[in-house]
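For reference, the structure is listed below as structure tokens.
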Amino acid sequence: MNKTLYCSVAVLALMTSVVHAEAITVLVEGGGHSLQQAAADAFTKETGIEVNFVEVPYQGVYDKLSAEIASGTSNYDVATIDVVWNAAFADHVEDLSDLFTDAVRADMPPALVADATVGGKMIGMPAWANAEIVFYRKDLWEDPANQAAFKEKYGYDLVPPATWQQWRDMAAFFTKDGIYGTVVIGGTSEEWMAEVLQAGSPGVILDDAGQVILDNQAHIDALENYRAPLCLDKSVPDNALEISWGEAQNLFYQGQAAMMKFWAHAYKMTPEDSQIAGKVGVAPMIAGSAGIAAIPGPWYNVIPSTSQHKDAARQFIAYLEAHNALGIEAPLGLAATNSAYQSYMGKPGYEHFAPLMETLSAPATKGRPLNKDYQELVDEAVMPAFQGALECEDNVAELLQDAAETARDILGQ
């Protein structure tokens, strides 16, 4: 039985047992609303159940769902939450394990299934997922003069960077004529943590048993490598601590950086008046000794335990999984299932889907720790060490040892 037929049968089975509800309410952040509207419309047409979205800013999803749980009220039947909140809400949402059939699991990158698993239950269904991939200037890479000069200097062909060393070489090569080779982001630590996984760490910050591993060799090696373009090669702007994703993206769009690592959805959102419009190439995330790896950015549909329409909510979530490709036409253009992405591969304008899927499905790709204290660990332990390293003076190993001690204090280890 093919996946589409299998999922349709599963959805129909749910429909036969649903408690008839005229409407369900979904709490969602703005971008998530647009990604789910088309499927919600189709769901309503097929079942007669209206879907009302309550759209709030990013932090509002966490705040409103937290308030509902604390008060025991029942305003929302489904909430679409960022993966970083999965652990915080795990005890207050329904177990969706029965929706994760073998066919559903096989149709998702393993990292997304793993991030749905908290405390022995499947707390949510992935609605869409994203990851950072490589963006580069095709016009620079395809220029014959650049190809010849690069080959003469480095001894190998100028192709999209695939390894740590190639990234550094190409960043250094293209730092000329008023252009930086790339950008080091100091405002967030996810790009460094992706390199931690590329270096072979079993996780970032914590291992699967919840023990602090911030000071393991992979964290050290990755941070030394991550800061090298800034501290050694001088191939990036020197104000790294002032640069986050938005600033890095703007530098690339303005033609001031030859390449960047960025979330894949941005490929379709290059401004038409940008200096690099029509010149953007994409490739999978770079690889270290453990291969390609990234920190995924999935969002999950969960059913709050306070919901009064749980059967209808389950039916809605199952329908969205079975019709996941309907979200791809939305502005962000993202999905969660392999089959949804594959259905658009080869179509003009979706060249980023192949590198995104290769990155999401890479064996070393893994999510952030599913720990309720994750944000405190980042704020109090990770960021001081990470940003201290980007000042290019301190010893990386010592910074991470101090960070690990802080993290163990937070967790009581």
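The values are calculated or read from the model by the stated rules, or taken from the named source; none is laboratory data. From a predicted model like this one, the values you see are computed outputs, not experimental measurements. With ideal geometry, Cβ positions are generated from the backbone for all residues, glycine too; neighbour counts draw on all protein chains shown. Please note that ligands, DNA and RNA were not included when accessible areas were found on the heavy atoms of the full protein model with its side chains. Shrake-Rupley method; radii C 1.70, N 1.55, O 1.52, S 1.80 Å.
The residues in segment 70-79 that are buried (at least 18 other Cβ atoms within 10 Å of the Cβ) and assigned to a loop (DSSP other than H, G, I, E, B) can be counted, and the count is 2. Given the criterion free of Cβ contacts under 8 Å to residues at least 12 places away in the same chain and open to solvent by 50 Å² or more (accessible area, probe 1.4 Å), identify the matching residue among 232, 241. Exactly one of 232, 241 is free of Cβ contacts under 8 Å to residues at least 12 places away in the same chain and open to solvent by 50 Å² or more (accessible area, probe 1.4 Å), namely 232.
Yes/no per residue for (1) modelled with pLDDT of 95 or more; (2) open to solvent by less than 40 Å² (accessible area, probe 1.4 Å); (3) in a strand (DSSP E or B); (4) out of contact with any helix residue (DSSP H, G or I) (no Cβ under 9 Å at 6 or more places or on another chain):
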residue	(1), (2), (3), (4)
81	yes, yes, yes, no
89	yes, yes, no, no
95	yes, no, no, yes
98	yes, no, no, no
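Scanning segment 118-146 for residues that are of a type outside the set (Lys, Arg) and without any contact (Cβ under 8 Å) to a residue 40 or more places away in the chain yields a count of 8.
Just to check your reading of the model, which residue among 171, 129, 116, 106 is open to solvent by 10 Å² or more (accessible area, probe 1.4 Å) and either modelled with pLDDT of 95 or more or not polar (S, T, N, Q) (or both)? Spell out how you get there, then give the answer.
On the way: 171 fails: open to solvent by 10 Å² or more (accessible area, probe 1.4 Å); 129 fails: open to solvent by 10 Å² or more (accessible area, probe 1.4 Å); 116 fails: open to solvent by 10 Å² or more (accessible area, probe 1.4 Å).
None of the others qualify; the one that does is 106.
I need the full set of residues from segment 206-221 which are of a type in the set (A, V, I, L, M, F, W, C) and within 19 Å of residue 375 (Cβ to Cβ), in order please.
As a first pass, look at segment 206-221 and keep what is of a type in the set (A, V, I, L, M, F, W, C): 206, 209, 212-214, 218, 220.
Matches in segment 206-221: 206, 212, 213, 214.
Scanning segment 177-187 finds one or more residues that are open to solvent by 20 Å² or more (accessible area, probe 1.4 Å), without any contact (Cβ under 8 Å) to a residue 12 or more places away in the chain and more than 25 Å from residue 413 (Cα to Cα).
To keep it simple, each residue is scored yes or no on (1) farther than 16 Å from residue 32 by Cβ; (2) of a type in the set (Gly, Ala, Ser).
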residue	(1), (2)
302	no, no
306	yes, no
326	no, no
342	yes, no
346	yes, yes
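Residue count for segment 336-364 under the criterion of being open to solvent by less than 10 Å² (accessible area, probe 1.4 Å) and closer than 25 Å to residue 100 by Cβ: the result is 8.
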